Amino acid sequence: MLDKHRSSIDILICLGTVGSVVFLDRLTKVAFSKILHLGESLPVVAKAFHFTLVHNTGIAFGLFKDNGLVFLFIPLIAVVLLAYNVYYYHKFGELDRFYIVAFSLILGGAIGNLIDRIAFGYVIDFIDFRIWPVFNLADSAITVGAGLILFKCFPSAKEKRPGQTFTSLKD
């Protein structure tokens, strides 16, 4: 079991990370929705980086567009499972701060996109690198969080012991 001081700091880290991601995601989506019209593009670096307003009715990268309520329930279930996962592993002292930040980034991004789906029926995307589907800050937080977890799961050569493939959640 964790001591109360460590537990309080971990909760602040989690809530601060989730809150920051949701706040910045909402702020940028509202701003770009006011600056741009749907489909309009604002070049920052010609042919490389633009801000383009897109309404995504599908899942990641616009796949499976216009499937309605299915894409409302899947993110809702994901948010509940992620929140429970952080709570469960934290409660039993098996989640270090690296994982708390990673899971909190994913949770904040999932909440940010879920807010759009509930409010509008689509997700507002605006970051356009022209070689990749248009995305938003919530998508970036999810990707960074998942990348951090993958990075932590694969130990370096000096840490790896014979027969070991993954590290545990407890370091």
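The values are calculated or read from the model by the stated rules, or taken from the named source; none is laboratory data. Predicted model only: the values in this text are computed from it and were never measured. No Cβ is skipped: glycine too gets one built from the backbone with ideal geometry, and neighbour counts run over all protein chains shown. Surface accessibility is based on the protein's heavy atoms, side chains included, excluding ligands, DNA and RNA. Shrake-Rupley method; radii C 1.70, N 1.55, O 1.52, S 1.80 Å.
Annotations
- Subset of segment 103-159 [of a type in the set (Ser, Thr, Tyr) and open to solvent by 60 Å² or more (accessible area, probe 1.4 Å)]: 143
- In segment 5-25, the residues that are open to solvent by 40 Å² or more (accessible area, probe 1.4 Å) reach residues that are β-branched (Val, Ile, Thr) with C-beta atoms within less than 7 angstrom, at least six apart or across chains, in these pairs: 13/100; 13/101.
- Any hit, segment 66-81, residues being within 27 Å of residue 35 (Cβ to Cβ), at pLDDT 90 or above and surrounded by 15 or more Cβ atoms within 10 Å (Cβ to Cβ): no
- The set of residues in segment 109-166 being touching a helix residue (DSSP H, G or I) at 6+ places or on another chain (Cβ under 6 Å), at pLDDT 85 or above and of a type in the set (Phe, Trp, Tyr) consists of 126 alone.
- Condition check for residue 63: hydrophobic (A, V, I, L, M, F, W, C), modelled with pLDDT under 75 and either under 16 Å from residue 118 (Cβ atoms) or surrounded by fewer than 17 Cβ atoms within 10 Å (Cβ to Cβ) (or both): yes
- Subset of segment 119-141 that is in a helix (DSSP H, G or I) and touching a Leu at 6+ places or on another chain (Cβ under 7 Å) - its residue that is nearest to residue 51 (Cα to Cα): 137
Condition check ((1) within 24 Å of the chain's Cα centre (by Cα); (2) modelled with pLDDT under 95; (3) not β-branched (Val, Ile, Thr)) across all residues:
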{"residue": "2", "(1), (2), (3)": "no, yes, yes"}
{"residue": "5", "(1), (2), (3)": "no, yes, yes"}
{"residue": "13", "(1), (2), (3)": "yes, yes, no"}
{"residue": "17", "(1), (2), (3)": "yes, no, no"}
{"residue": "20", "(1), (2), (3)": "yes, no, yes"}
{"residue": "34", "(1), (2), (3)": "yes, no, yes"}
{"residue": "37", "(1), (2), (3)": "no, no, yes"}
{"residue": "40", "(1), (2), (3)": "no, no, yes"}
{"residue": "46", "(1), (2), (3)": "no, yes, yes"}
